[in-house]
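Undergrad: Dumping the structure here so I can ask a few things about it.
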Amino acid sequence: MTRGPAPLRATALLLAAVGLPGAAAAQYFPAQPAGYLMSATARDGRAVWVNPAALARRPEASVGADVTATFGGGTAHVSQFGATLASRGLAFGWSRTEPRTIGAPTASLPAITTFVLGLGLGDAVFSAGAAKRWNKGRTRSASAWEVGTQFRATPSLEFSLVYRDIGSPAVSPYRGIVPGDTLLPARLIPGVGITLFAGRLRGAVEWEWASSFVPRVTRVGWSLEVTERLTVMGRGDLSERPEERSLALAAQWRTQKLRGTMYGAQPSLGDRQDLGAAVQAYAVPAPARRRR
């Protein structure tokens, strides 16, 4: 692909398309990988939930599944489970969230099912991608687009830009929602990532804007390769809105064909805590052999 001004053109097109609607009217339950990955540093098939442009960064095929349990108020329940399938820039994801009122084991809310199909194109220097999401609640279903870019300015510095939930889909687990209420506002998410110590330490910061060019969430994340197999990750979401604050820690164990991840999250929603696990089987193409 042509380098040079291409990243600037793509970024300009994304900025020109911004027309951001109002703020969220209800709580949203993102897919599990979005709880500990960052848009500037995501790399494998789970990136379909974070930044579709990242799907082009690593030429691998993978299939994975995840499950999350929520604890609080003396109760515990499986609150989300899902799966992803990815190969060479194309990825499909499915997630089912089953929210429940904390402390009331019988007060289950209707489930929300989300499907996503994403495609990323490009190389290790510049990539762009798009994803289509379908959300289905009890009384309302909606879909939205997402577009994103990643650009490596230097070997240690990367930039990303994601425009998420274009069209502001209104999906709710509740009955009686007023037509036109916005549950998932369109959001513009610029980010920057830095790599240190030959790639063993990576950090990222991103800002989430909705309805105006004033950040509503500032997100900070990091990952550290403790050994060749073990990586630990952390992420914090900072916001003036208590319901949008969260803290997450994750640990990933990697072999040549499998990745296993365990994570814990503390959203600022009462006394709720989330604990989850995920596994991915993956394969990387062997280097092409030179002809003699």
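Undergrad: Using label points projected 7 Å from each Cα along Cα→Cβ, tell me how many nm separate Leu85 and Trp134, to one decimal.
TA: Between Leu85 and Trp134, the simple spin-label model gives 1.4 nm.
Undergrad: On full extension of the chain, what length is gained from Trp145 through Leu247, given 0.36 nm per residue of separation minus the C-alpha to C-alpha distance?
TA: In short, 34.0 nm is gained.
Bear in mind these aren't lab numbers, they're just calculated from the coordinates by the rules spelled out. Computed from a prediction, not measured in an experiment: that's the story for all the values here. With ideal geometry, Cβ positions are generated from the backbone for all residues, glycine too; neighbour counts draw on all protein chains shown.
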